[in-house]
Amino acid sequence: MAAVEYTVADGVAHIELNRPESANALDLALGIGLREAAERAAEDEGVRAVVLSGAGKRFCGGGDIASFADSKDTAGDLYELAVAGDAAVAALEALDKPVAVAVHGAVAGAGLGIMLAGDVVIAAEDTKFVVAYPKIGLNPDCGTSTLLPLAMGRQRALAFALRDQPLSADEAREQGLVAEVAADPLARARELAATWAAGPAGAYGQTRRLLRAGSLRSREESGRDEAETIRARASLPETQALFDAFLGR
């Protein structure tokens, strides 16, 4: 059974973490599979939007620490896993296609970084969010040290990480960690992705790219990129048709 399932229907790629017996904990197979799935979505011109979810009772329980019980080089193995997980998150962040994320059950440790690589996060009402790393003497990975403060603000992110107490779905929404709370987050994520895929997906994708990049670079760089992207998109048939429709031509 693949650690990550990848399917495409009606212009939407569905990437599903698929280690339900292990709470979709991040191991090397899942990290590599997630990166490869993100790269497939990036390369497939028929994919216009992406849904990310987890199979079973939890979205992601963090890193698969139990798998290192018999390791003879725990530090080296953890390093290899952190690198693989980071590469997967980076591949998701690099997509120029919008990503809806459906989470449920638990989102812990590395799962936070994976979740925040998407754009609109919808949580089930019973979802719990926890940093988890300090309890085992470790630090955040998978880009969480960048993504968490960007989502919550630095003070809230530090309080969340250093207290290491779970947040409920409603608390996570109030603090900016998720966008919505829904009874059926996967159905809602699919609804959003279908809307994006049926609309000007290229514009949505470039909007996600610009907004994600904007917080990590100078104002001048963002302005140049925005102008160059507008020029590139203005010549596209999709943009011209939308422009004409807006002007009533």
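Quick check: the angle from helix 201-214's long axis to the longest principal axis of the chain, C-alpha only, nearest 10 degrees?
On a 0 to 90 degree scale, this one is about 60.
Suppose every Lys and Arg Cβ carries +1 and every Asp and Glu Cβ carries -1, with no other charges. What dipole size does the range 118-249 come out with about its Cα centre, to the nearest 20 debye?
Values: 17 positive and 18 negative charges, 73 e Å.
With only Lys, Arg, Asp and Glu charged at Cβ, the dipole is about 340 debye.
By its C-alpha gyration tensor, with a ≥ b ≥ c as the square roots of the eigenvalues, how is the range 155-249 shaped: rounded for a/c under 1.5, else prolate for a/b larger than b/c, else oblate?
Working: a/c = 3.98, a/b = 1.58, b/c = 2.52.
Oblate.
How far, in degrees from 0 to 90, does helix 28-43 lean away from the longest principal axis of the Cα atoms of the chain, to the nearest 10?
Computed tilt is about 0 degrees.
Provide the per residue accessible area, probe 1.4 Å, for the range 1-72, rounded to a whole number of square angstrom. Before the final figure, lay out the partial values.
Working: 3470 Å² over 72 residues.
Ligands and nucleic acids excluded, the result is 48 Å² per residue.
Can you compute the helix-only [θ] at 222 nm over the chain? Use -39500 (n - 2.57) per DSSP H run of at least 4 residues, normalise by all residues, nearest 500 deg cm²/dmol. The partial results should precede the final answer.
Numbers: 10 runs with 124 residues, N = 249.
Helix-only estimate at 222 nm: -15500 deg cm²/dmol.
Of all accessible surface on the chain at a 1.4 Å probe, what whole percent is carbon and sulfur? Working shown, then result.
Working: 6730 of 12610 Å².
The computed percentage sits at 53.
Okay, which of the range 77-105 sit inside 14 Å, backbone N to the point 7 Å along the Cα-Cβ direction of Ile136?
Under 14 Å, as judged by backbone N against the label point of Ile136, lie 77-83, 85 of the range 77-105.
What's the Kirkwood radius of the range 109-170 in Å, using all Cα pairs?
Details: mean 1/r = 0.0842 Å⁻¹.
For the range 109-170, the Kirkwood estimate is 11.9 Å.
Over the range 162-228, average the accessible area per residue using a 1.4 Å probe and give it in Å², no decimals. The partial results should precede the final answer.
Numbers: 3860 Å² over 67 residues.
So the range 162-228 comes to 58 Å² accessible per residue, rounded to a whole number.
As I understand it, the value is the acute angle between the Cα axis of helix 237-247 and the longest principal axis of the Cα atoms of the chain; what does it come to in degrees, rounded to 10?
Here the helix axis deviates by roughly 60 degrees.
Answer with a single label: of [x] 60, 36, 31; [y] 62, 54, 37; [z] 67, 40, 36, which was calculated as Cα extents along the principal axes in Å from the structure in view?
[z]
Contact order normalised by length for the chain, with contacts defined as Cα pairs under 8 Å and 6 or more residues apart; what percent is it? Don't skip to the end; give the middle numbers.
Working: 463 pairs, mean separation 45.7, N = 249.
Reported relative contact order: 18 percent.
Can you tell which of Leu236, Leu167, Leu148 shows the greatest fluctuation in a Gaussian network model of the chain with Cα springs below 10 Å?
Leu236
State to the nearest 20 debye the size of the charge dipole of the chain about its Cα centre, where the only charges are +1 on K and R beta carbons and -1 on D and E beta carbons.
Working: 25 positive and 36 negative charges, 130 e Å.
Using Cβ point charges on Lys, Arg, Asp and Glu, the chain gives about 620 debye.
The values are calculated or read from the model by the stated rules, or taken from the named source; none is laboratory data. Please read all numbers here as calculations on a predicted model, not as lab measurements. Quick reminder, even Gly has a Cβ in these numbers, built from the backbone with ideal geometry, and neighbours come from all protein chains shown. To get the accessible areas, we keep the full protein, side chains included, count just its heavy atoms, and leave off ligands, DNA and RNA. Shrake-Rupley method; radii C 1.70, N 1.55, O 1.52, S 1.80 Å.
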